[in-house]
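Single-structure report; data block below.
Readers should treat all values here as calculations from the given coordinates under stated rules, not as data from a laboratory. Bear in mind the structure is a predicted one, so any value in this text is a computation, not a measurement. Note that we place each Cβ from the backbone using ideal geometry, even for glycine, and neighbour counts take in every protein chain shown.
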Amino acid sequence: MMTSPSSIANPEAGMMNRSRESKRKKRRKTGREDSIDRSESINDPSRWRSETEQRIYATKFVDALRQVRLTTPSSPVSGGRAVRETADRVLAVAAKGRTRWSRAILTGRLSLRLSQINKRHKHKKTKATGDNRLKKPVVKKRLPPLQRKVKVLSRLVPGCGKVSFPNLLEEATDYIAALQMQVRAMTVLSELLVTGAGNVNSVSSQS
């Protein structure tokens with residue numbers, strides 16, 4: 001490696017130059033990694049329109065429902081909630097965790113349990129200390145219409161509460177396409193169930 005006369009005469013300046021060069025290389029490397037991660041994190045939304053993807057999702061959803069029926073109580077409310085959670089969880093698994101919304105759904109149960117535990121702990125602590133002092137109402141500033149819409153959208157897409165606007169649009173596009181595929185698959189399954197029930201009723205009436 002060749003060294004310039006100025007760096008030999010002033011070793012501190014040479015060290016500073018090498019430090020700057022290493023920082024530049026790190027920035028370039030980090031930028032490349034971010035671009036690769038960004039391109040791999042969001043799938044092509046068009047894949048959710050594939051009949052193959054819909055068939056795979058429907059099969060996994062039915063298999064997951066069979067497991068849920070063995071572990072959940074017979075209450076209609078809890079049963080409906082279990083079906084909805086199972087449908088979303090299978091959808092997140094189909095996304096293979098490559099999106100924020102799918103990772104948020106897969107880790108949602110753990111966060112919900114932790115938040116419930118924290119709320120209980122906080123309630124007990126407040127009750128024990130008797131901290132019932134009145135607090136001043138917090139006046140919230142009204143956001144512009146566009147920012148309000150972006151905030152609402154970030155709440156609708158799981159795991160996107162604190163992402164940039166371009167990332168939010170990408171996540172929302174993929175999430176909406178996945179939900180549309182979920183609706184199509186569940187519609188087909190419901191039609192099959194109705195058809196099967198009709199066939200059973202016709203056979204029983206004939207007998």
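Computed values, structure above
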quantity	calculated
FRET efficiency for residue 190 and residue 85, using Cβ-Cβ distance with R0 set to 22 Å, rounded to 0.05	0.80
Relative packing of peptides 186-194, 94-102, 155-163 - highest average C-beta neighbours within 10 Å first	94-102, 155-163, 186-194
Efficiency of FRET from Cβ geometry, residue 63 and residue 150, R₀ 30 Å, rounded to 0.05	0.20
Stretch gain in nm, segment residue 53-residue 20, where the contour uses 0.36 nm per residue and the Cα spacing is subtracted	7.0 nm
FRET efficiency, residue 165 to residue 140 (Cβ-Cβ, R0 22 Å, nearest 0.05)	0.55
